[in-house]
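J.: Sharing a structure here in structure tokens format.
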Amino acid sequence: MDEGIGVIAEDDRDRFPILGDEGGKMLRFLREHAHAPLYRNRSGHRLGAEDIRSVKEFMPRAMGDPVEIGRLPDWLSVFLETSHRTVPFYRRYGALPKGLTDWPLIGRSDVAADPALFVRDHVPVARLIHYRTSGTTGHPLSVPSHPRVAACYLAFHLRALKRLGMTLRHGAGQVGVVILGCQKKCFTYVSVTPLQGESGLAKINLHPDDWRHPDDRVKYLEALNAEVVAGDPLSFVELLRLDPNIFPRVIFSTAMALEGGMRKQLEERYQCPVLDFYSLNEAGPVAVYDADLGGHVLLQPRLHVEILGENQQPLSLGQRGEITLTGGFNFCLPLVRYRTGDQASLEWRRGEPVLIGLQGRPPVRFFGSGGHRINNVDVTHVLQSLGLVQFTLHQAEDRSLAFKGVAISGREGEIQAALKGLFGEDQTIHVFPMERFEGKVIQYTSSMKTMD
């Protein structure tokens, strides 16, 4: 083994098929730093030489091709025919539907029921990866994906930066990206980015339980001093509280709605742009917020966006309805009329396609019986082993909890026990069995102030 790489774990050979000297040094630095967290997991890019070539060919088109709205794009008919022919779920429709509006609408529950049915026939099973997500719709979901798909996220991040006249600078010997979480249980790992000179990437949890000493959080963040800091609003609250002396060039907010006040605090503290992405695990980065345009600018040239009304029919530009997606760059999950459950209108502003008034997925922080704060992701983790089909959890102003779930009759006791283990034995919890939910389901809600 190359002397410069040092000792690399045997299972890293699968996670990093191509690992140079700089990449090996970076992995060792991230893992063995004196103030490093207790990394709970291992992950890697899993990219070979052919994968990297494919991603490099993809990036110029993804970054430069125009995004069309108000008409059916030229690529759509071929995409629909190919999807009908190669995707088991769509083959069940029988004959190829004549036009886009003749295709049935699908949603998260369809994918959750059997994700494998959405994978194209030709995709090698051995290369598949999956992302587990709870979202806000109440349907736990495993999203089928591929190492190339994961690597292609970079193209849309670069497209968003290009709008600001920026690009990424980090390369060999530097930490490029730190992804923040702040929850009781969090998937954490280190990796390198071969498309950026094997620069470092670390997914860390700011919850003190993941560190040998609480002060290590600030020291580690300062040692990494990443060019990009990514996270969600809940992790940014903790970042601002810890206040490390770091100098990111840009901050990415993903997964949850970012309020204007939080964006302003981050921009003022770190003196850099804060990019608020509208992103879904099922579709990747869909749009990025532009304050001057008053909405989220679409990012994917091969993702067709429909806005549907209450009668599930397409609306004209400027009319508000449900965001519905067709296309995308994840060839393991080609979407045809996928209902997101999110609301917006769509229009041209200064020559760019913009989602206006996006009502996405708000972050929720609950309070336990002792007054301690609880991230909604922690609720997902404690309930995950119960195999629940669909549920919601609401906290009232008096801190009592109302849990509603489908197909839970007879399981009220174990649900209460799981929640009391997180919230405290004195927590008041009401459990209500439901036959079904109507309309969009917001999984976590609260009547209490959650972001103070």
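The values are calculated or read from the model by the stated rules, or taken from the named source; none is laboratory data. As the structure is a computational prediction, the values presented were derived from the model and not from experiment. Positions of Cβ are generated from backbone atoms using ideal geometry, with glycine treated the same way; all protein chains shown enter the neighbour counts. These accessible areas exclude ligands, DNA and RNA; they are computed on the full protein's heavy atoms, side chains included. Shrake-Rupley method; radii C 1.70, N 1.55, O 1.52, S 1.80 Å.
J.: Taking the condition more than 22 Å from D65 (Cα to Cα), open to solvent by less than 20 Å² (accessible area, probe 1.4 Å) and touching a Ser or Thr at 6+ places or on another chain (Cβ under 8 Å), does L303 pass?
T.: Taking the combined requirement at face value, the residue does not satisfy it.
J.: Does D276 count as within 17 Å of P353 (Cα to Cα) and in a strand (DSSP E or B)?
T.: Yes; evaluated as a whole, the condition is true for this residue.
J.: Could you list, in sequence order, all residues of the range 155-198 that are in contact with a helix residue (DSSP H, G or I) (Cβ under 6 Å, 6 or more places away or on another chain), over 14 Å from R249 (Cβ atoms) and either open to solvent by less than 30 Å² (accessible area, probe 1.4 Å) or hydroxyl-bearing (S, T, Y) (or both)?
T.: A155, L180, G181, C182, Q183, V190, V192, E198
J.: Which one of these is surrounded by fewer than 20 Cβ atoms within 10 Å (Cβ to Cβ) and touching a residue at least 40 places away in the same chain (Cβ under 8 Å): K219, K203, K264?
T.: Among K219, K203, K264, only K219 is surrounded by fewer than 20 Cβ atoms within 10 Å (Cβ to Cβ) and touching a residue at least 40 places away in the same chain (Cβ under 8 Å).
J.: Hey, A257 hits all of (1) exposed (fewer than 15 other Cβ atoms within 10 Å of the Cβ); (2) in contact with a Gly (Cβ under 6 Å, 6 or more places away or on another chain) but one; which does it fall short on?
T.: (1)
J.: Looking only at the range 405-425, which residues are open to solvent by 40 Å² or more (accessible area, probe 1.4 Å) and in contact with a helix residue (DSSP H, G or I) (Cβ under 7 Å, 6 or more places away or on another chain)?
T.: G421 - this is the single residue of the range 405-425 that is open to solvent by 40 Å² or more (accessible area, probe 1.4 Å) and in contact with a helix residue (DSSP H, G or I) (Cβ under 7 Å, 6 or more places away or on another chain).
J.: Based on what the data block shows, is M256 touching a helix residue (DSSP H, G or I) at 6+ places or on another chain (Cβ under 7 Å), assigned to a helix (DSSP H, G or I) and modelled with pLDDT under 95?
T.: No; evaluated as a whole, the condition is false for this residue.
J.: Hey, any hits in the range 229-238 for a residue that's assigned to a helix (DSSP H, G or I), open to solvent by 10 Å² or more (accessible area, probe 1.4 Å) and either among the hydrophobic types (A, V, I, L, M, F, W, C) or under 16 Å from T188 (Cβ atoms) (or both)?
T.: Yes, the range 229-238 has at least one match.
J.: So, in the range 82-120, of the ones that are open to solvent by 60 Å² or more (accessible area, probe 1.4 Å) and under 25 Å from the mean Cα position of the chain (by Cα), which residue ends up nearest to I442 (Cα to Cα)?
T.: The extreme case among them is A113.
J.: I've got another one for you. Condition (residue is modelled with pLDDT under 90, open to solvent by 50 Å² or more (accessible area, probe 1.4 Å), more than 24 Å from V237 (Cβ to Cβ) and assigned to a strand (DSSP E or B)) applied to the range 426-433: is it met by at least one residue?
T.: No, the conditions are met nowhere in the range 426-433.
J.: Does P60 qualify as being out of contact with any Ser or Thr (no Cβ under 8 Å at 6 or more places or on another chain) and open to solvent by 60 Å² or more (accessible area, probe 1.4 Å)?
T.: When the stated conditions are applied, P60 passes them.
J.: Can you tell me which residue within the range 268-300, out of those that are of a type in the set (V, I, T) and buried (at least 23 other Cβ atoms within 10 Å of the Cβ), is nearest to the chain's Cα centre (by Cα)?
T.: V286
J.: Within the range 308-320, can you find the residues that are hydrophobic (A, V, I, L, M, F, W, C) and either under 26 Å from R85 (Cβ atoms) or exposed (fewer than 14 other Cβ atoms within 10 Å of the Cβ) (or both)?
T.: Residues satisfying the conditions are L308, L317.
Quick grid of which residues meet (1) in contact with a strand residue (DSSP E or B) (Cβ under 8 Å, 6 or more places away or on another chain); (2) modelled with pLDDT under 95:
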{"site": "H139", "(1), (2)": "no, yes"}
{"site": "A155", "(1), (2)": "no, no"}
{"site": "L180", "(1), (2)": "yes, no"}
{"site": "A202", "(1), (2)": "yes, no"}
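J.: Within the bounds of the range 119-140, is there any residue that is over 30 Å from D292 (Cβ atoms) and touching an Asp or Glu at 6+ places or on another chain (Cβ under 6 Å)?
T.: No - not one qualifying residue is present in the range 119-140.
J.: Name the residues in the range 16-32 that are open to solvent by 30 Å² or more (accessible area, probe 1.4 Å) and within 20 Å of C186 (Cα to Cα), would you?
T.: R31, E32
J.: Moving to a separate point now. Looking at the range 150-189, which of its residues are hydrophobic (A, V, I, L, M, F, W, C) and without any contact (Cβ under 8 Å) to a residue 60 or more places away in the chain?
T.: Residues satisfying the conditions are V177, V178, I179, L180.
J.: Any idea which of E268, E310, E306 is at pLDDT 95 or above and over 30 Å from H146 (Cα atoms)?
T.: None of the other options fit; the residue is E268.
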